[in-house]
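Each remark here refers to the structure printed beneath this line.
The values are calculated or read from the model by the stated rules, or taken from the named source; none is laboratory data. Bear in mind that the values here come from a model prediction, so they are computed numbers and not experimental data. A quick note on method: Cβ atoms are made from the backbone with ideal geometry, for glycine too, and the neighbour counts reach across all protein chains shown. We work out accessible area using only protein heavy atoms, side chains counted, and drop any ligands, DNA or RNA first. Shrake-Rupley method; radii C 1.70, N 1.55, O 1.52, S 1.80 Å.
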Amino acid sequence: MIEQFFDVDERLTELAHKAEERCALPFARISDTAEYNETKVLHAFIHNGVSESHFKGSTGYGYDDRGREILDKVFAEAVGAEDALVRHNFVSGTHALGVALFGILRTGDKMVSVTGRPYDTMEEVIGLRGEGNGSLRDFGISYAEVPLKADGTPDLEAIPAAVSGAKVAYIQRSRGYSLRPSLTVEDIGNIVQAIKRGNPDTFILVDNCYGEFAEKQEPLAVGADLIVGSLIKNPGGGIAETGGYIAGRKDLVELCSYRLTTPGMGKEVGCTLNQSRGMFMGLFWAPSVVGNALKTSVFALSLFELLGYEAYPRYDAYRTDIIAALRLNTAEALTAFCQGIQKGSPVDSFVTPEPWDMPGYDSQVIMAAGAFTLGSSIELSADAPLREPYAVWIQGGLSYPSGRAGVLLAAQSMLEKGLLKL
Ligand SMILES: *Cc1c(COP(=O)(O)O)cnc(C)c1O
């Protein structure tokens, strides 16, 4: 059908059908999870009495903003948290993670990342790169990490000793810009047990980016204390225009709220402007949209495996996040792929992405993001740091048919540059 609208080589469309035929089982699993989570979210809306009046935003200080309070409650219930801080004021996931760490940690405290090196943008927050910028290290908070094992899995044996004396243990659920496997909620449960064996008093914080609603439970269900993420990824459902969240233990969410605003004010202030309706509606849609993104991801993995590339995870793997990584082996292939994704985007399809020096990253990055919301990665997007192992990370897809078309146009773009063997 795609060939009626786009120039796609016939051999590619045939291969796409083959790729899709293999996906019946993973697609069924994805639909089942989406149905479960969508029902859970609907129940949270009804249980908390969401009303049209909650969509009307506030201005100024935002005192007594009922919509803001109810959104926190609905979100908390949807992710199994005691409380949540869901705000458009978080400028990104990194900001929300930074607020959470600065909210909990004090001078002299120690943070231990138990899943190896955290996501690129966290390096400057922690103080692994840069100096005198107000990082955790500048405030006298020390950092240690437990490297992943050679196969990319967490080192459960080393974790108990490493977290002795740590105030915060930090877990990253999704693979980030690495090829290590993403951690399922069950894996996170095993890590939590290892942390508790070493130090039952450590607060466990999970970078939950890209994981929300990919499984039936979130990491709070297996003993994490806080989860943190971005609203222009999964839980914003492609509708929230900006923002992030922190959810989990009530006392810790409160500490974080004092860091986001000020001690004493916390959650009681922060006007919502015109953002409430989009955040509510995005949360409502999120499980279904995550399902579409997962199907897009599985399709891409299946297709590129048939095209002879290493693709992570396998297309039929149990999924805990929406990320797929394709090892395309050369900078030219990465660039052609991202340009093809851009061509298949509903917005800015005529733009040609080029590698650039993105703030917070230490190598050049090429990104395809023809999105309604700038930088949104619940919408079909692809990014690739131009460095070993020359892999592209793709995620998102508001609808499966559009996501599928985008992936095919990426393959077509590589084919047209002579970078694909058929
Ligand atoms: C996206 C992401 C973040 C935060 O990134 P922002 O672009 O600041 O929202 C953090 N950790 C992981 C694993 C991510 O994927």
Checklist entry - Taking ASP357, is it surrounded by fewer than 20 Cβ atoms within 10 Å (Cβ to Cβ) and free of Cβ contacts under 8 Å to residues at least 24 places away in the same chain? => result yes
Checklist entry - Taking ILE341, is it of a type in the set (Val, Ile, Thr), within 16 Å of the ligand (Cβ to nearest atom), in contact with a Gly (Cβ under 9 Å, 6 or more places away or on another chain) and open to solvent by less than 10 Å² (accessible area, probe 1.4 Å)? => result no
Checklist outcome for this item: Picking from VAL163, VAL206, the residue that is at pLDDT 95 or above, under 30 Å from LYS295 (Cβ atoms) and of a type in the set (Val, Ile, Thr) would be VAL206
Item to check | Extreme residue, nearest to ALA240 (Cα to Cα), among residues of the stretch 386-422 that are within 13 Å of the ligand (Cβ to nearest atom) and in contact with a Ser or Thr (Cβ under 8 Å, 6 or more places away or on another chain) | outcome: GLY396
Next on the checklist: If the requirement is being in the same structural domain as LEU105 (by TED's automatic domain parsing), within 16 Å of the ligand (Cβ to nearest atom), modelled with pLDDT of 95 or more and at negative phi, which of these qualifies: TYR170, TYR177?
Outcome noted: TYR170
Next on the checklist: Condition first: farther than 15 Å from LEU326 by Cβ and either modelled with pLDDT of 95 or more or surrounded by 20 or more Cβ atoms within 10 Å (Cβ to Cβ) (or both). Can you find one or more residues in the stretch 383-394 that meet it?
Outcome noted: no
Checklist entry - Would the stretch 185-201 turn up any residue that is open to solvent by 50 Å² or more (accessible area, probe 1.4 Å), part of a loop (DSSP other than H, G, I, E, B) and more than 15 Å from the ligand (Cβ to nearest atom)? => result yes
Checklist outcome for this item: Counting only residues that are within 16 Å of the ligand (Cβ to nearest atom), in a loop (DSSP other than H, G, I, E, B) and open to solvent by less than 10 Å² (accessible area, probe 1.4 Å), the stretch 360-370 contains a total of 0
Checklist outcome for this item: Requiring at least 2 residues that are surrounded by fewer than 21 Cβ atoms within 10 Å (Cβ to Cβ) and away from the ligand (no atom under 16 Å from the Cβ), the strands (runs of 3 or more DSSP E) wholly within the stretch 47-154 are 142-145
